[in-house]
Amino acid sequence: MKFSALLSEFLSQPGPAAHLRITALRGSSPREVGAQMFVRDHGICGTIGGGQLEYRAIAAARKMLAAGDVAASLDLPLGPEIGQCCGGRVEILATRMSERDKNKALLDAQADDDALPSVYILGAGHVGRALADQFQHLPVRSVLVDQRREELSLNRAEVETRLSAIPEFEIMTALPGSAFIVLTHDHGLDFLLASAALQRNDAAYVGMIGSATKLAKFRSWSAAQCGDLQADRLICPIGAQGSRDKRPAVIASFVAAEVMAALTSQPATGKDYWDISMRIAGE
């Protein structure tokens, strides 16, 4: 579930809500300026870093709400005084949310969801479906593509699925900065899709399932078929820095980490993508 949906559910509950935001910091801290979360008497949505920092901020916000105040500010040292060792200092502003504030927060959250990077999983076999299972929990827009209706029907992850007779079209129409993971049922199709993704020159990640031998064959094929294609940008094997365990779920976990590292290697824009957790007191 995307953050906008979580926040909508959270803010629709009865009772007052507070908005917490890190406004300044000095030294090291678990989150950056602008990190935010939302607090009610019996629940929270998002995170400003966890630990004693967040615990004290939540307590201050709830005290503010109970007292009927409209705002409260905190200046917390991240040291032994509060049981943390970051060594920095964080300033936090907590404000009581009006209906207008809630509407703006929801619009901002939807805009952030719309700006999430796309991950195209090209192939809905065992590893492709395992990847969909992984990416459904991450701050990305996942698209599972296959030419085979029966394989797509086996997907249980909450991701977008596309039955496509020409999967190259999905690559051509993807937004800049997308990630492409190629793992179809056919090596020839893998080569076509990998080359199409590389030819875009704006992909954050292009990976193809296979081995060193398959990569060598792809390089020979691309040299003959695609001229000056920069085959060195292709990641193959995918998830190779993980283990030798070839179970789909294990492969998928290492590939997901590899892709997320590529997607987050550039500075994030707008609201931090990682504010997608909602925790309810008592759970």
(request) Tabulate in residue order the Karplus-calculated ³J(HN,Hα) for region 253-263, using 6.51 cos²θ - 1.76 cosθ + 1.60 with θ = phi - 60°, rounded to whole Hz; enter x for Gly and Pro. (result) 5, 6, 5, 4, 4, 5, 5, 5, 4, 5, 5
(request) Assuming a ≥ b ≥ c are the square roots of the Cα gyration tensor eigenvalues, decide whether region 118-263 counts as rounded (a/c under 1.5), prolate (otherwise, with a/b larger than b/c) or oblate. (result) rounded
(request) Could you work out the Kirkwood radius for region 78-178, taking every pair of different alpha carbons, averaging 1/r and inverting it, reported in Å? (result) 16.9
(message) Run the helix sum for the chain: -39,500 (n - 2.57) per DSSP H stretch of 4+ residues, divided by residue count, reported at 222 nm to the nearest 500 deg cm²/dmol.
(response) -11500 deg cm²/dmol
(message) To make sure I understand the rule: partners must be lysines, Cα under 16 Å from the Cα of K104, and not fewer than 8 residues away in the same chain. Which ones qualify?
(response) K271
(request) Take the Cα atoms of the chain, build their convex hull, and give its volume per residue in Å³. (result) 155
(request) Counting other beta carbons within 10 Å of each Cβ, put H42, H187 in order, fewest first. (result) H42, H187
(request) Please order V127, V255 by the number of other Cβ within 10 Å, starting at the fewest. (result) V127, V255
(request) Taking amide H positions as placed in the peptide plane 1.01 Å from N, state which residues far from G210 in sequence (5 or more) or on other chains have amide H under 5 Å from it. (result) I238
(message) Using a 10 Å cut-off around each Cβ, can you sort F254, F3 from fewest to most neighbouring Cβ atoms?
(response) F254, F3
(request) Could you give the spread of the C-alpha atoms of region 3-114 along their three principal axes, from largest to smallest, in whole angstroms? (result) 38, 35, 19
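Throughout, read-outs are computed from the coordinates displayed, never taken from laboratory work. Remember, predicted model here, so these are calculated numbers, not experimental data. Every residue, glycine as well, gets a Cβ built from its backbone with ideal geometry; the counts of neighbours run over all protein chains shown.
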